[in-house]
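The values are calculated or read from the model by the stated rules, or taken from the named source; none is laboratory data. This structure is a prediction, so every number in the text was calculated from the model and none was measured. Cβ coordinates were reconstructed from backbone atoms using ideal geometry, including for glycine residues, and neighbour counts include every protein chain displayed.
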Amino acid sequence: MSRTKQRSVETLAVSAFAILGIVACTSTALPRKAADAPVAESRVRAVMSVLADDSLEGRMTGSRGSVKAATFIAQQMSAVGLVPAGDSGYFQRVPIALTRRSNGQERLALVTDFVALDTFPLDHRRPGVNVVGMIRGSDPVMSKEVVLVDAHYDHLGIGRPVNGDSVYNGADDDASGTTAVVEIARSIAAGAPPKRTILFVATTGEEVGLLGTRWFIEHPPVPLKTIVSNLEIEMIGRPDSLAGGPGRAWLTGYERSTMGAMFTAAGLPIVADARPTQHFFERSDNIAYAQMGIPAHTLSTFNLHADYHRPSDELSRVDFNHMTRVIQAGVQAVRILADGPVPHWNVGGQPAPR
């Protein structure tokens, strides 16, 4: 939810866009089985351990750690057998630059296009990509509709040391959600083909203003009008007692659309957000899609732990049994969205356009 010692920016930018050639632009689909594969805790640990490792330096947007994370996620999508759906294989390039505000402070910003990015000094350009993979739908009619499953893979990078630790790993926020996207894709790709097309996306720049999601909306790999629902996954690494404890999750804006009721009717361990005053519905990438009219919610188990946006949000604090069970519920939730009725807004539930 809503810096570091680095190589020269020139070297970083070159290495970043060199990764566009690392992952193959085509992939071989895995054999299809009748049922979705169970989520394996060993796989959850393996993926999460890479994304939250110190070597990724906190995955700050536009950093070399972010480049490493994007490359790893793309490799996982390829191994799963997803169809590449970016503009460069699995990568959707995002033009990001370091700009200066009127008060003199520097910030990362989304640039209008890559021609405009070229007008910035080289040391102000930053590498940025969303990672996008697809499972094509099997139904002649429903396959034209798209279910979007996403999480942001960026975090805060290297910052002010706390108790001698300066790496803001972002294990819960949001290596956990990114891991879920990969493992949900792995499970469904091993099962029967979904009726609707499913787009799996790991976005950059959420922590600095939804940069990746804003670019995705402006340059969608599928027509936006075909996206019928969005399930964002954010901070599922620790149980929340208000959701019912380990293995149970909550959905932001549960009462706003029929999505939550669909999950409840199917017996999924997903309940309403018990902390509406925190405004979690408006605090992640889903809000951008919701404001466009797409039923879009975030699946989470954030319990307001004190490690939020601190170096102590580390792998050692993750409850992997809980997280694996929540991802398994996420598989069932995505399968419902892919094969069942399209969710719709309840009266007064859709947020006003921005």
Of the residues in region 62-97, those that are crowded, with 24+ Cβ neighbours inside 10 Å, within 21 Å of Val318 (Cβ to Cβ) and either of a type in the set (S, T, N, Q) or in contact with a helix residue (DSSP H, G or I) (Cβ under 6 Å, 6 or more places away or on another chain) (or both) number 4
Given (1) modelled with pLDDT under 95; (2) under 16 Å from Gly247 (Cα atoms), Ala329 misses just (1)
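Of the residues Arg136, Arg125, Arg59, which single one is buried (at least 21 other Cβ atoms within 10 Å of the Cβ), of a type in the set (D, E, K, R) and touching a Ser or Thr at 6+ places or on another chain (Cβ under 7 Å)? I'd like the intermediate steps shown before the answer.
Working: Arg136 fails: buried (at least 21 other Cβ atoms within 10 Å of the Cβ); Arg125 fails: touching a Ser or Thr at 6+ places or on another chain (Cβ under 7 Å).
After ruling out the rest, the residue left standing is Arg59.
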Has region 257-275 got any residue that is in contact with a Ser or Thr (Cβ under 6 Å, 6 or more places away or on another chain) and of a type outside the set (S, T, N, Q)? yes
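Each row is one residue, and each column tells you yes or no for (1) among the hydrophobic types (A, V, I, L, M, F, W, C); (2) farther than 30 Å from Gly86 by Cα.
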| site | (1), (2) |
| --- | --- |
| Thr203 | no, no |
| Glu207 | no, no |
| Leu231 | yes, no |
| Met259 | yes, no |
| Leu268 | yes, yes |
| Ile287 | yes, no |
The condition from (1) buried (at least 23 other Cβ atoms within 10 Å of the Cβ); (2) over 18 Å from the mean Cα position of the chain (by Cα) that Asn103 misses is numbered (1)
Kindly list the number of the only condition in (1) within 30 Å of Ser316 (Cβ to Cβ); (2) crowded, with 24+ Cβ neighbours inside 10 Å that fails for Ala46. (2)
Could you tell me which residue of region 147-166 is farthest from Asp319 (Cα to Cα), considering only residues that are surrounded by 24 or more Cβ atoms within 10 Å (Cβ to Cβ) and β-branched (Val, Ile, Thr)? Val147
Please list, ordered by residue number, the strands (runs of 3 or more DSSP E) wholly in region 165-280 having 3 or more residues that are over 22 Å from Arg59 (Cβ atoms) and either of a type in the set (Ser, Thr, Tyr) or within 20 Å of the chain's Cα centre (by Cα) (or both). 227-233, 249-251
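I'd like the residue in region 283-322 that is closer than 19 Å to Thr258 by Cα and either surrounded by fewer than 16 Cβ atoms within 10 Å (Cβ to Cβ) or of a type in the set (Val, Ile, Thr) (or both) and, out of all such residues, is farthest from the chain's Cα centre (by Cα).
Residues of region 283-322 closer than 19 Å to Thr258 by Cα: 286-300.
This time we only want the ones that are either surrounded by fewer than 16 Cβ atoms within 10 Å (Cβ to Cβ) or of a type in the set (Val, Ile, Thr) (or both), so: 287, 293-294, 298.
Working: Ile287: 13, Gly293: 20, Ile294: 17, Thr298: 10 Å.
Checking each candidate, the answer is Gly293.
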Using the structure shown, decide if Val115 is over 25 Å from Ala296 (Cβ atoms) and surrounded by fewer than 24 Cβ atoms within 10 Å (Cβ to Cβ). yes
Would you mind telling me which numbered condition in (1) out of contact with any helix residue (DSSP H, G or I) (no Cβ under 9 Å at 6 or more places or on another chain); (2) closer than 30 Å to Ser42 by Cβ; (3) not in a loop (DSSP other than H, G, I, E, B) Val326 fails? (1)
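Kindly establish whether Thr197 is of a type outside the set (A, V, I, L, M, F, W, C) and either in contact with a His (Cβ under 6 Å, 6 or more places away or on another chain) or over 23 Å from Phe281 (Cβ atoms) (or both).
Numbers: of a type outside the set (A, V, I, L, M, F, W, C): yes; either in contact with a His (Cβ under 6 Å, 6 or more places away or on another chain) or over 23 Å from Phe281 (Cβ atoms) (or both): yes.
It is true that Thr197 is of a type outside the set (A, V, I, L, M, F, W, C) and either in contact with a His (Cβ under 6 Å, 6 or more places away or on another chain) or over 23 Å from Phe281 (Cβ atoms) (or both).
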